Every structure is written in C-alpha cells, then in structure tokens.
Amino acid sequence: MSSYVILGALALGLIYGILSLGIYISFRILNIPDMTVDGSFVTGAAISAVVTTHYSLILVIPLAFLGGCLAGSITAFLHIKLKIQLLLSGILTLSALYSVNIRIMEGKPNIPVLQQTTIFELWGSAESQQSTSIAVLGVLLAVMFCLLCFFLNTKLGLSLRATGNNEQMARALGVDTNMTKWLGLAISNGFVALSGAVLVQYQSFADISMGTGVIVTGLASVIIGEVILSGSTIFRGLLAVVLGSVAYRYIIAGAIQIGMPPTDLKLMSSLIVIIALSMSLLHSGGIRGRRRRSGLGRNGTDFTPPQ
Amino acid sequence: MLEVRKLKKIFAKKSFNEKIALANIDLHLGSGEFVTVVGGNGSGKSTLFNCIAGVETPDEGRIVLDGRDITYLAEHQRAVYIGRVFQDPLKGTAYDMTIEENLSLAYSKGGRRGLSRAITKADIRKFQERLSTLNLDLEKRLKQKVGLLSGGQRQALTLLMATLVKPKLLLLDEHTAALDPSTAKLVMSLTAKVVNEENISTIMITHNLRDALEFGSRTVMLSSGRITMDIHERERQLVTTDKLFEQLEQ
C-alpha cells in the first residue's frame with residue numbers, strides 16, 4: 001500500500017468515525033435501528049455543498065449538524081407522537097429526505113465544490129494537503145468524541161442510556177422516555193449529517209446517492225470496533241467505535257488493493273455485519289437450537305436435519 | 001395519603017372479549033400504612049397497581065396521592081412520588097450500566113436531569129452508605145455492571161433505588177416471587193426494615209399468604225376486580241393462612 005492509500009484510508013476512517021459515533025447512539029445506546037441515517041447523511045452533505053458555494057464556510061458544521069438533528073426529530077415525531085413503528089418511521093423520513101435533499105441541492109443530483117475553498121484548505125500548503133486534512137479531521141473527531149463522552153456521563157446522558165437499557169425502569173424512575181428517545185435520535189442524526197458534510201469538504205463534491213447504505217457502514221464499524229476493544233465504560237465503547245471505523249476503511253482499502261471492484265463494497269459491508277451479528281448465535285448453537293424449540297427438526301415433518 | 005375512589009377499568013370495552021379488570025375499587029391508605037394485597041390471577045391486583053403507577057389509565061374513578069389528583073398524570077411525572085419494585089428482578093435495574101449509574105438515576109428522581117455530572121464524590125459516599133445497609137458487600141462493587149449481579153442482589157438494589165429518594169408511596173408487585181426461599185426472606189426483611197425506618201406508605205402484592213399476614217398492618221383481598229376482604233390489625237391477628245386460603249378459594 002502506498003502512503004497515499006494509507007493516509008487516504010485513515011482520513012475516511014476519521015470522517016466515517018463521526019458517522020459511526022452517531023449510529024452507535026441509536027443502535028447501541030438507544031437500542032433501536034434507525035434507518036433515517038441514509039437520508040440525513042446526504043442532508044448534511046447537501047447543506048455542506050450549498051453553504052460552501054453560497055455562504056460562509058464557518059456555517060457548514062453547525063448547519064449540517066442542525067439539519068441532521070431536524071431529520072432525526074422528524075423520525076422521532078412519527079414514532080413517538082404518531083405511534084408509527086420505529087423502523088417504518090425511519091424509512092418514511094429517509095424516503096421523504098430524498099426530495100428534500102434534492103431541493104437543498106437546488107434541483108441538481110450532484111454539486112462539485114472544486115472552485116471553492118474547503119475547510120481543509122484553510123490551513124497548510126498544497127503539498128502538505130493530505131496530512132493537513134488528517135490533522136483537521138483528527139481535531140474535529142476528537143472534539144465530537146469528547147462532547148459525546150461528556151454528555152453520556154451527565155444526568156441527562158444517563159437517562160438516555162437507561163431508556164435504551166430498560167425503558168420500563170427508566171419511566172419508573174421518572175425519566176421522560178419520549179423526550180430521551182427524541183433527543184437521542186436528534187443527536188445521532190446530527191453526528192451522521194456532520195459526517196456527510198465533512199466528506200463533501202474532503203472529496204469536493206456532493207451526490208444525492210452518497211448516503212445509500214451508510215447505516216451498514218456505520219454498523220460494520222461499530223461491530224468491528226467491539227471486536228477490537230471490548231468496552232466496559234462509555235469512553236472505551238466510543239473509542240472502540242472510532243477504531244472500528246478506521247479498521248473498516250483499511251479492510252476495504254486492502255480488498256481494493258487485491259483487486260476487488262469498488263462496486264462490491266456494499267456487498268462486503270453487509271456480509272461483515274451479517275457475520276458479526278450471527279456470531280453470537282453460532283457460538284450458542286442457536287440456529288439448530290431454535291429450530292428444535294419451535295417444534296421442528298428431528299421429530300418434525302417439515303424439516304429434515306442435515307446428515 | 002393515597003385515596004383510590006370508585007376506580008373502574010375495563011379491557012377490550014364493548015367487544016366480545018370485554019373484561020372488567022377493576023369493578024369499583026375504593027381504597028384509602030393512611031400515612032405510613034403498610035398494606036398487603038392478595039388475590040388470584042386475574043383478580044385485578046396488577047391492574048390496580050398499573051392504574052396507580054400510571055401505566056394504565058382508568059376508565060372511571062380518581063386516584064389522589066397526598067392531596068394531589070394523579071389520575072391522568074403521565075407515568076414518568078408521578079414516578080417522582082412513587083417507588084416501584086417489580087416481580088422480575090431484571091425489570092427494576094439497567095443491566096448494562098454500573099451499580100453507581102443505576103443509583104444515580106434513582107437519586108435524580110424529582111430533580112433536574114440536566115448536563116451536570118451524573119456521579120459526584122458526595123454521591124458515591126451516599127451510595128456506599130446506603131448500600132452497606134443491605135449487607136451484600138455491594139458498596140465495594142460500585143463500578144460493576146448490574147448485569148453481573150444475582151437476582152436477589154438486583155432485587156435488593158431495586159428496592160434501595162425505589163426508596164433512595166423517599167417516595168410518598170411504595171408499590172411492591174410480588175417482588176420476592178422470582179427469588180429462592182432464602183433470598184426471598186432476605187429481600188422481605190430488607191423491605192420491612194426500610195419501610196419501617198423511613199415510615200413509607202406501602203402496598204405489597206404477594207401470593208405468599210404467610211407474608212401477607214406477617215408484614216404490614218392490613219391485608220386486602222381482591223377478587224374479580226372487587227375488594228372482598230379488608231382486615232386491620234386486631235382482626236387480622238385472628239386470621240390464619242388456612243382461613244385466608246379458604247377465603248381465596250371462594
């Protein structure tokens with residue numbers, strides 16, 4: 001691997017690290033799969049491209065984060081107030097966001113930001129471009145990491161974690177679980193949108209389809225991270241997610257180096273998640289065990305066990 | 001302290017499966033009173049608890065706690081005044097959080113859940129002091145996850161969490177039913193201790209008739225959503241578990 005590839009993978013790992021932290025909030029802390037992220041990632045990207053082109057660069061990060069929070073809030077509203085199943089709420093928002101994102105991008109499916117200065121070009125010279133980018137990304141990720149780690153150890157953060165852990169108990173202790181769920185989904189999508197916004201700055205273009213499958217990317221990072229570093233504290237848990245994101249990018253870079261077509265990436269991501277999620281089942285002999293419990297199997301008529 | 005007036009709850013109303021869970025419940029509980037509730041499955045005990053705790057909304061009637069009408073108050077809002085311990089030891093604690101984090105959640109009851117640090121040094125001292133009263137050596141395991149504790153330890157911890165901020169009312173829903181006999185005895189004695197020391201108004205559902213007569217000062221029997229028996233101190237002392245069982249059979 002050339003140093004260009006190595007640094008490039010690291011940069012992407014840091015960018016998607018922010019995404020993975022967002023997905024960790026919904027998937028692991030709130031314990032709910034949130035489909036909104038595939039849409040809010042593009043919302044962040046669209047805001048980033050448009051704000052860079054027309055307005056001030058300083059506004060990119062706060063506006064993208066807020067855009068994501070808003071997208072998450074819509075899913076939360078559908079789920080909490082209108083009582084629509086969470087998975088469906090996410091899908092509805094995701095689908096609606098396609099149109100919204102195109103509108104933000106002024107009707108165009110992609111926007112290049114090659115002419116404008118990006119947040120990475122504010123410092124350093126052209127030769128040191130990549131190392132500057134990594135420094136900027138590292139600082140940004142560190143700030144988001146610390147904010148999240150601090151938040152999850154506050155009283156409010158604890159209420160959020162309790163909601164995902166044991167909702168009934170949280171309510172019995174006086175936690176407004178609707179509020180904590182809404183807050184969690186908003187923050188989660190804020191992180192995801194921020195990640196999309198930074199990616200646009202890094203690759204100098206925004207595309208309407210760049211969000212497809214990012215939920216799987218995020219999940220893969222979360223799961224790989226848990227294999228690398230088992231976390232008993234929030235700090236270790238979040239660190240694992242970031243390490244997982246970087247490791248995931250190196251796995252992909254390695255696969256491409258040995259000749260895998262980039263279009264197979266999504267297939268590989270899904271396979272990683274499927275294998276990792278089924279690991280616990282395989283360990284406990286769950287696949288066979290479950291068949292027996294459901295009354296099928298050795299004595300059943302509709303299932304013949306393999307010889 | 002607690003006044004339940006003409007409480008009525010009907011499930012699947014106006015359908016073929018209509019079930020009157022609570023027919024017309026009147027229950028008055030004095031300050032610091034400890035009432036045990038017995039009754040068969042489907043007699044309405046749990047529905048009564050769920051209505052008081054705000055999990056279910058009654059169809060008719062009023063629930064007044066310490067002068068405040070809480071009939072339609074949201075569950076999390078009235079939780080500030082009500083401590084609850086469930087039958088399932090897994091339900092009362094957050095398994096993936098540490099003992100001190102669980103206690104901190106309970107300690108924030110009624111206060112602001114804002115962006116201040118969840119656990120301060122003063123909190124830790126307070127938690128250790130309270131945990132040591134359980135005599136389970138949990139005060140040395142503050143940073144361990146609750147998922148590592150046994151059912152009895154978790155239930156004792158839940159009891160502590162339910163009373164860490166003194167509630168106006170404590171609801172115990174068969175909280176020793178899932179424990180082995182010796183652990184159940186331990187949790188029951190911890191219950192009696194905390195209720196007596198803090199003088200907390202308590203309602204305890206139990207299927208253990210001996211516990212029902214031994215603890216508290218009053219026993220109420222529910223059957224088909226009605227109160228069929230309500231015996232106090234002296235009257236209660238004359239009742240044996242056999243008599244209570246006969247009554248339940250009717």
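The values are calculated or read from the model by the stated rules, or taken from the named source; none is laboratory data. Keep in mind it's a predicted model, so treat the numbers as computed, not measured. Neighbour counts are summed over all protein chains in view; Cβ atoms, including those assigned to glycine, are modelled from backbone coordinates with ideal geometry.
When you check A:ILE187 against the structure, is it of a type in the set (A, V, I, L, M), closer than 29 Å to A:THR53 by Cα and buried (at least 21 other Cβ atoms within 10 Å of the Cβ), yes or no? Yes: the conditions hold for A:ILE187.
For first residues located in segment A:194-205 and on the phi > 0 side of the Ramachandran plot, partners that are surrounded by fewer than 24 Cβ atoms within 10 Å (Cβ to Cβ) and lie 6+ apart or on another chain with Cβ distances below 6 Å form the pairs A:SER204/A:VAL113; A:SER204/A:LEU114.
Here B:ALA177, B:ALA192, B:ALA212, B:ALA184 are screened, and the one residue that is closer than 22 Å to B:ASN50 by Cα, modelled with pLDDT under 95 and part of a helix (DSSP H, G or I) is B:ALA212.
For B:ILE70, state whether it is closer than 30 Å to A:LYS181 by Cβ and either within 14 Å of chain A (Cβ to nearest Cβ) or in contact (Cβ under 8 Å) with a residue 40 or more places away in the chain (or both). Yes, satisfied. Taking the stated definitions as given, is B:GLU18 of a type outside the set (A, V, I, L, M, F, W, C) and without any contact (Cβ under 8 Å) to a residue 60 or more places away in the chain? Yes; evaluated as a whole, the condition is true for this residue.
Would you confirm whether or not segment A:124-139 contains a residue that is under 16 Å from A:GLY72 (Cβ atoms) and surrounded by fewer than 24 Cβ atoms within 10 Å (Cβ to Cβ)? The answer is no, given that none of the residues of segment A:124-139 is under 16 Å from A:GLY72 (Cβ atoms) and surrounded by fewer than 24 Cβ atoms within 10 Å (Cβ to Cβ).
For segment A:235-247, state whether one or more residues are closer than 16 Å to A:LEU30 by Cβ, surrounded by 23 or more Cβ atoms within 10 Å (Cβ to Cβ) and out of contact with any strand residue (DSSP E or B) (no Cβ under 8 Å at 6 or more places or on another chain). The answer is yes, given that some residue of segment A:235-247 is closer than 16 Å to A:LEU30 by Cβ, surrounded by 23 or more Cβ atoms within 10 Å (Cβ to Cβ) and out of contact with any strand residue (DSSP E or B) (no Cβ under 8 Å at 6 or more places or on another chain).
Listed here are the residues, each with its yes/no results for (1) in a helix (DSSP H, G or I); (2) in contact with a Phe, Trp or Tyr (Cβ under 8 Å, 6 or more places away or on another chain).
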residue: A:GLY107; (1), (2): no, no
residue: A:GLN115; (1), (2): no, no
residue: A:SER133; (1), (2): yes, yes
residue: A:VAL139; (1), (2): yes, no
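Report whether or not A:PHE120 is hydrophobic (A, V, I, L, M, F, W, C) and more than 19 Å from A:ALA45 (Cα to Cα). Against the criterion (hydrophobic (A, V, I, L, M, F, W, C) and more than 19 Å from A:ALA45 (Cα to Cα)), A:PHE120 does not qualify.
Screening B:LEU90 on (1) part of a loop (DSSP other than H, G, I, E, B); (2) under 20 Å from B:THR176 (Cα atoms); (3) touching a strand residue (DSSP E or B) at 6+ places or on another chain (Cβ under 6 Å) shows it passes everything except condition (3). If you go through segment B:96-132 and keep only what is within 19 Å of B:LEU190 (Cβ to Cβ) and either exposed (fewer than 14 other Cβ atoms within 10 Å of the Cβ) or acidic (Asp, Glu) (or both), you end up with B:GLU129, B:SER132. Does B:ALA212 meet the test of being small (Gly, Ala, Ser) and under 19 Å from B:LEU160 (Cα atoms)? So B:ALA212 fails the test. Take the conditions (1) out of contact with any Gly (no Cβ under 8 Å at 6 or more places or on another chain); (2) on the phi > 0 side of the Ramachandran plot; (3) not in a strand (DSSP E or B); B:GLY110 misses just one of them, which is (1). Reported count of residues in segment A:160-177, each being touching a residue at least 40 places away in the same chain (Cβ under 8 Å) and either more than 14 Å from A:ASN31 (Cα to Cα) or at the interface with chain B (Cβ under 7 Å from one of its Cβ atoms) (or both), is 2. Of the residues making up segment A:141-164, those that are of a type in the set (Val, Ile, Thr) and surrounded by fewer than 22 Cβ atoms within 10 Å (Cβ to Cβ) number 2.
Among the residues of segment B:113-154, those identified as in contact (Cβ under 8 Å) with a residue 40 or more places away in the chain, in contact with a Phe, Trp or Tyr (Cβ under 9 Å, 6 or more places away or on another chain) and in a helix (DSSP H, G or I) are B:VAL146, B:GLY147, B:ARG154.
Is it fair to say B:THR57 is in contact with a Pro (Cβ under 8 Å, 6 or more places away or on another chain), under 23 Å from B:ILE10 (Cα atoms) and of a type in the set (Ser, Thr, Tyr)? No: the conditions fail for B:THR57.
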